[in-house]
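See below for the structure under consideration.
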Amino acid sequence: MARIRVSPRRGAADAAVVLGQQIKAGRIARKWTAAELAERIGVDRRTVAAIEAGDPGVSLGNAFNAADILGVPLFGAEDGAELARLRREGRDRLALLPTRVGKPRKRTEPDDDF
């Protein structure tokens, strides 16, 4: 089955570019080549180039793996403990919400007119 290419919204595209820039800066600060980072996260060098360019077609998992190995903070969390706290808070918040959301059904008034 062919992949469907969806154009990202402006905010999503900007976020991908910013994350890519942070990943590239982290890689350069560690004096790693793109090939070295690719080997460490188990992808091709072209995938690292796409991540750093902010390509929205890159797997979210690959981008997050690159960020994690380089120490790029995700979601404002400076360390793993903070990210784990955010994860627990999200889980607890979602537990309070309904499991399904649907449109309300139209109520039909009974025809009482005789």
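The values are calculated or read from the model by the stated rules, or taken from the named source; none is laboratory data. Small disclaimer: the values here were computed from a predicted structure and weren't measured. Neighbour counts are summed over all protein chains in view; Cβ atoms, including those assigned to glycine, are modelled from backbone coordinates with ideal geometry.
Any residue that is more than 20 Å from GLY11 (Cβ to Cβ) and touching a strand residue (DSSP E or B) at 6+ places or on another chain (Cβ under 6 Å) - is there at least one of those in the range 66-83? Looking for residues that are more than 20 Å from GLY11 (Cβ to Cβ) and touching a strand residue (DSSP E or B) at 6+ places or on another chain (Cβ under 6 Å), one finds at least one in the range 66-83, hence yes. Among residues of the range 26-54 being of a type in the set (D, E, K, R) and in contact with a Ser or Thr (Cβ under 9 Å, 6 or more places away or on another chain), the one that is surrounded by the fewest Cβ atoms within 10 Å (Cβ to Cβ) is ARG45. Given the criteria within 14 Å of the chain's Cα centre (by Cα), part of a loop (DSSP other than H, G, I, E, B) and either of a type in the set (Gly, Ala, Ser) or closer than 25 Å to ALA2 by Cβ (or both), does VAL43 qualify? So VAL43 does not fit the description; no.
Quick one: would you say GLU89 is of a type in the set (Asp, Glu) and part of a loop (DSSP other than H, G, I, E, B)? It is false that GLU89 is of a type in the set (Asp, Glu) and part of a loop (DSSP other than H, G, I, E, B).
For every residue, the table says whether it meets (1) of a type in the set (Ser, Thr, Tyr); (2) outside any helix (DSSP H, G or I); (3) farther than 21 Å from GLY76 by Cβ; (4) at pLDDT 95 or above.
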{"residue": "ARG3", "(1), (2), (3), (4)": "no, yes, yes, no"}
{"residue": "GLN22", "(1), (2), (3), (4)": "no, no, no, yes"}
{"residue": "LYS31", "(1), (2), (3), (4)": "no, yes, yes, yes"}
{"residue": "GLU36", "(1), (2), (3), (4)": "no, no, yes, yes"}
{"residue": "ILE51", "(1), (2), (3), (4)": "no, no, no, yes"}
{"residue": "VAL58", "(1), (2), (3), (4)": "no, yes, yes, no"}
{"residue": "ALA63", "(1), (2), (3), (4)": "no, no, no, yes"}
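Filtered by the rule that a residue be surrounded by fewer than 19 Cβ atoms within 10 Å (Cβ to Cβ) and touching a residue at least 24 places away in the same chain (Cβ under 8 Å), the range 57-68 gives GLY57, ASN65. Of the residues making up the range 69-85, those that are exposed (fewer than 14 other Cβ atoms within 10 Å of the Cβ) and not in a loop (DSSP other than H, G, I, E, B) are GLY80, ALA81, ALA84, ARG85.
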